[in-house]
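Right, one structure below, let's go through it.
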Protein chains: 2
Amino acid sequence: MKAWPDQRILDLFGIDLPIVLAPMAGPGTAALAIAVSEAGGLGSLPCAQLGGGEIRTALEAIRRGTSRPMNLNFFCHTPPIRDRYRELAWQGLLKPYYLELGLDPETLLAPPSRKPFDAESCAIVEEFKPPIVSFHFGLPAKHLLDRVKAMGTRVIASATTVREALWLESHGCDAIIAMGFEAGGHRGNFLSDDMARQVGTFALVPQIVDAVGVPVIAAGGIADARGIVAALVLGASAVQIGTAYLFCPEAKVPPLHLDALKHAADDETMITNVFTGRPARGIVNRLMLEVGPMASAVPSFPLASSAVGHLRAKSEPAGSNAFMNMWSGQAARLARRGVPAGELTRVLASEALARL
Amino acid sequence: MKAWPDQRILDLFGIDLPIVLAPMAGPGTAALAIAVSEAGGLGSLPCAQLGGGEIRTALEAIRRGTSRPMNLNFFCHTPPIRDRYRELAWQGLLKPYYLELGLDPETLLAPPSRKPFDAESCAIVEEFKPPIVSFHFGLPAKHLLDRVKAMGTRVIASATTVREALWLESHGCDAIIAMGFEAGGHRGNFLSDDMARQVGTFALVPQIVDAVGVPVIAAGGIADARGIVAALVLGASAVQIGTAYLFCPEAKVPPLHLDALKHAADDETMITNVFTGRPARGIVNRLMLEVGPMASAVPSFPLASSAVGHLRAKSEPAGSNAFMNMWSGQAARLARRGVPAGELTRVLASEALARL
């Protein structure tokens, strides 16, 4: 078998194939992560929306399912300070939808469903000692990061600009995920929230590669072997793939979301903050068009999500995707359909090797 | 010498290297175009801002300078209908800057400086019979396009989405320029003006390649050999490079613009409509930050430009780039500095071949 041209990420993580499963809070199950790791890539368990007990359950499933390297992913946003006036404004903006769906617009906002990496998460990490931990929205506080690194765990995180990549490297990251504009889900930006300045994968990857000494994992718009090889040509040592794995049977994708993914053209996603308060790329739907895509009245992440959550809870069972966050990158059309995640990983890798 | 993996664009245009000089109205001189064509790439003469006499002068210089294939580029926007109220609103928005610079805010708007491809341009094309003509913002009216094609001239045009690529192919284009989000200057979009849906080069190129039968030229974020090879891996038959050529001595780049280019980080450009009325990517400056980047009050393309032009004419000689359109893609940092355009073309090609 041919060798990969750049062994750095393979050596760093102890994996065979330079393919990282993007952690996708919601669709990203333990089974999906296990399948990718077993195939020789790096599986990722998205922990951002899970409580401590849920993380433990998933990690036990992973322990039973594979002895191969695994990545645990956490968000590390600053916990929001609740602003009652802002929340009221947001409720007011959404009120017509509440009335349309027969919901009480005075419904209290639920507490946020996404917690940043904290002492509790760190204790779980120490218990399970995953070989890799990845962070989104920067890095956690130094005392927590030090504890993660003290175990010998490799720490990686997303950068959406060269400046963020340099910041992450100087704060101890072992590799940088260069997250281009095309990527689905939450943007990893943390030094700037100016979406007008986000950088496309094609321009971002080589500039980050040139700027940092650690290896770079390219993300955003990569969904087939052409993309993997192109990313390596641009200087990446590996790729992170998300959207293409949403079509795998192991992913827990709501039927309406999967149906939208199957039909998503290249220009049918936008970056929006209306679902959670932070910009994220998803397939265009009614809420994004009518309230967004970028709303200035939105409460801080993740406080925006509960008000929209009520709308989704009522409309999704009735067959409407109007209030669903249907995260997707810009290359859903390139993805294979219905292939199990392990097979997808192996096929992508062998097709990429054949092109190299 | 190794062969290029895809010969289609080379055969179609009769050139040796799969590198097209992006037509850059303003900086793009006849000397720049000649140098690229003489090196074996495809030079492009941007005609959008030139009158008939100026085009003839440039074409005569080109005839003297090279017998190799050459591309003439034209805009084909719909001529704007002047809206006095909109223009007044625009003048009102810019009034504080007029006062700050000691200009008369009642200065009449000059007629637009950019003309779409028309019967006069077509007559010049028929006179000089260029082997290639490229269009931006769609295609001209059928009777004009038929005249261009009747000469055997190859017609190419920019697409920013798969839908635009399919439209261009079905209207007779011989090749499609897949213009990703990263590209500098005016976006080529013509079926939608929704900038929130623009697609990154990495996702756009393979999806257009899969959708059309004609060869594809990748544009946006390509400034070195890595980018050329990555674009070919994604399925492109050639690349179009703009920003990297702005550093060549043959380019006519104002000193303040060149200085900004030399220092432009990956995230220092934005797509803005404040300079001309149409979205274009340029290096962030005061006008973009204060009035844009996307202003809803802006007159239709290209009517917005004259009011800003007065501000530029007064401030640029005083050393300020506050009102200059400093077009750039997102990868200026990857460009070589000060290398003549012919040498740059040859070096990029030989480095790309070495990597293939």
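Descriptive notes on the structure:
- Test for B:Asp11: is it in a helix (DSSP H, G or I) and over 19 Å from the mean Cα position of the chain (by Cα): yes
- Exactly one residue among A:Ala313, A:Ala331, A:Ala307, A:Ala297 is hydrophobic (A, V, I, L, M, F, W, C), away from chain B (no Cβ under 14 Å) and surrounded by 21 or more Cβ atoms within 10 Å (Cβ to Cβ), and that residue is A:Ala307.
- The single condition among (1) more than 7 Å from chain A (Cβ to nearest Cβ); (2) closer than 19 Å to B:Thr272 by Cα that B:Ser170 does not satisfy is (2).
- Boolean, B:Ala230 is more than 9 Å from chain A (Cβ to nearest Cβ) and surrounded by 24 or more Cβ atoms within 10 Å (Cβ to Cβ): no
- Matching entry among A:Arg147, A:Arg197, A:Arg163 (being at negative phi, among the basic types (Lys, Arg) and touching a helix residue (DSSP H, G or I) at 6+ places or on another chain (Cβ under 6 Å)): A:Arg147
- Qualifying residues in segment B:251-273 (those that are of a type outside the set (Lys, Arg) and in contact with a Pro (Cβ under 7 Å, 6 or more places away or on another chain)) - the one nearest to the other protein chains (Cβ to nearest Cβ): B:Met270
- Residues being assigned to a loop (DSSP other than H, G, I, E, B), among the β-branched types (Val, Ile, Thr), modelled with pLDDT under 95 and on the phi < 0 side of the Ramachandran plot are represented in segment B:281-303 by at least one member.
- Elements of type helices (runs of 4 or more DSSP H) contained in segment B:16-124, each with 2 or more residues being outside the structural domain of B:Ser306 (by TED's automatic domain parsing): B:30-39, B:52-65
- The residue of segment A:196-218 that is farthest from the chain's Cα centre (by Cα), among those that are closer than 11 Å to A:Thr160 by Cβ and either assigned to a strand (DSSP E or B) or within 7 Å of chain B (Cβ to nearest Cβ) (or both), is A:Arg197.
The values are calculated or read from the model by the stated rules, or taken from the named source; none is laboratory data. If you're wondering where the values come from, they're calculated on a predicted model, not measured in any experiment. Please note: Cβ atoms are built from the backbone with ideal geometry, for glycine as well, and neighbour counts cover all protein chains shown.
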